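Notes for the one structure printed next.
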Amino acid sequence: MLVATALAGSAIGQSREYQYMFTIGAEGVNPKQKASGRWSKLAFGSPERASLINVPSGVAVDLKDRIFIADRGAATVHVFDLVEQSYKALRGAEKTAFQCPAGIDVDVTGRLYVADACSGLVFVFESDLSFSRMLVKKHKHRLLEQPVALVVAPDAKRVYVADSPRHRVVVLNQEGEVHQELSALGPGEALATPVSVAIDRRSRELLVLDTERDRVEVFALSGEHRRTLRFPPMRGLTALAFDSQRRLFFLGDPRFEAVHIFSEDGTFVGSFGQSGSAAGESRAPSSLYIDFRGFVYLVDSLGSKVLVFGEV
């Protein structure tokens, strides 16, 4: 396998294996996939809804088993409810439509946050999906140039937004005020192109993938830069997720169209993902997400779908 060849020189620790479960998007889902009843019924029963996904850019899952997919191409947030076996489309709020929703997350109270990369706005929806407010509103001078990813703190008091063109992560409070801007790493060093953000809930640290420099910068949630993580021989990384329970890093590698897994100490422990255009295959991982079960969601923007994997 190409991935194994590329990583042959890496030290391999305790192996971790993840298997494909199902896909939302593209031509629907793989009819041979193995899933429990409600997962299968939702996925297989809604191919016309799944096929509406155009250019997915982010995904989040709440404790009610609802999957939220930000779709830049369709200017929509798709909501798949696995319990109610229903579908809903969010296209904006009040008189402001989404242009290209990108960053998306759900907080501990069930509120949904959506950052629009084109308008620079951040929308907030209550757990019942009713519109709550604009966390970032329209300003004469844009507060956010191009918010591509966001993550909410475990206590929901802060929202961390990756603003790639301005080489920073903006920290907002619940009133939408700028609490901090994270960019400096040390003497003469700063973030280059932050594209993914995640939170280590155990250590209370913010993890920022700087795709231009192929490394992960670690900040305290209070804002201090703590350390830089490198995962050789990884290059051209596009996506990051962190499993706080299993203590694993997941990194999207478009060169091999795969996801690589590293332990907390940086040891390579496995890869998963199959290159291709079929339901269980992807063309390039553009975003990653870990839900409360430890399932891994791979957003394939080029393939117009989201793939779900679980540990074997």
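For the stretch 100-119, the set of residues classified as assigned to a loop (DSSP other than H, G, I, E, B) and either among the hydrophobic types (A, V, I, L, M, F, W, C) or more than 20 Å from Ser301 (Cβ to Cβ) (or both) consists of Cys100, Asp107, Val108, Thr109, Gly110, Arg111, Ala117, Cys118, listed by residue number.
The residue that is nearest to Gly103 (Cα to Cα), among those in the stretch 162-214 that are among the small types (Gly, Ala, Ser) and part of a loop (DSSP other than H, G, I, E, B), is Gly176.
Does the stretch 165-182 include one or more residues that are closer than 22 Å to Glu264 by Cα and either in contact (Cβ under 8 Å) with a residue 40 or more places away in the chain or buried (at least 17 other Cβ atoms within 10 Å of the Cβ) (or both)?
The initial filter retains those residues of the stretch 165-182 that are closer than 22 Å to Glu264 by Cα, namely none.
The answer is no, given that none of the residues of the stretch 165-182 is closer than 22 Å to Glu264 by Cα and either in contact (Cβ under 8 Å) with a residue 40 or more places away in the chain or buried (at least 17 other Cβ atoms within 10 Å of the Cβ) (or both).
The set of residues in the stretch 232-281 that are more than 16 Å from Val195 (Cα to Cα), part of a loop (DSSP other than H, G, I, E, B), at pLDDT below 95 and touching a Lys or Arg at 6+ places or on another chain (Cβ under 8 Å) comprises Arg255, Glu257, Glu264, Gly266, Gly276, Ser277, Ala279.
Entry remark, the stretch 83-125: residues being within 21 Å of Arg201 (Cβ to Cβ) and polar (S, T, N, Q) number 1 in total.
Answer yes or no as to whether Val159 is buried (at least 22 other Cβ atoms within 10 Å of the Cβ) and either touching a Leu at 6+ places or on another chain (Cβ under 6 Å) or modelled with pLDDT of 95 or more (or both). So Val159 fits the description; yes. Counting only residues that are surrounded by 23 or more Cβ atoms within 10 Å (Cβ to Cβ), within 16 Å of Leu302 (Cα to Cα) and not acidic (Asp, Glu), the stretch 243-278 holds 4 of them. Checking each residue in the stretch 217-240 for being within 24 Å of Asn173 (Cα to Cα) and touching a Ser or Thr at 6+ places or on another chain (Cβ under 8 Å) picks out Glu217, Val218, Leu240. Taking residues in the stretch 209-229 that are touching a residue at least 12 places away in the same chain (Cβ under 8 Å) and at positive phi, and partners anywhere that are in a loop (DSSP other than H, G, I, E, B) and aromatic (Phe, Trp, Tyr), the pairs with Cβ atoms closer than 8 Å and at least 6 places apart or on different chains are Asp214/Phe231.
Residue by residue through the stretch 285-300, note down the ones that are part of a loop (DSSP other than H, G, I, E, B) and buried (at least 22 other Cβ atoms within 10 Å of the Cβ). Selection gives Pro285, Ser286. Looking only at the stretch 137-154, decide whether some residue is within 26 Å of Arg226 (Cα to Cα), out of contact with any Pro (no Cβ under 8 Å at 6 or more places or on another chain) and surrounded by fewer than 17 Cβ atoms within 10 Å (Cβ to Cβ). Yes, some residue in the stretch 137-154 is within 26 Å of Arg226 (Cα to Cα), out of contact with any Pro (no Cβ under 8 Å at 6 or more places or on another chain) and surrounded by fewer than 17 Cβ atoms within 10 Å (Cβ to Cβ).
The values are calculated or read from the model by the stated rules, or taken from the named source; none is laboratory data. All figures in this text were calculated on a predicted structure; none of them were measured in a lab. Every residue, glycine among them, receives a Cβ derived from its backbone with ideal geometry; neighbour counts consider all protein chains shown.
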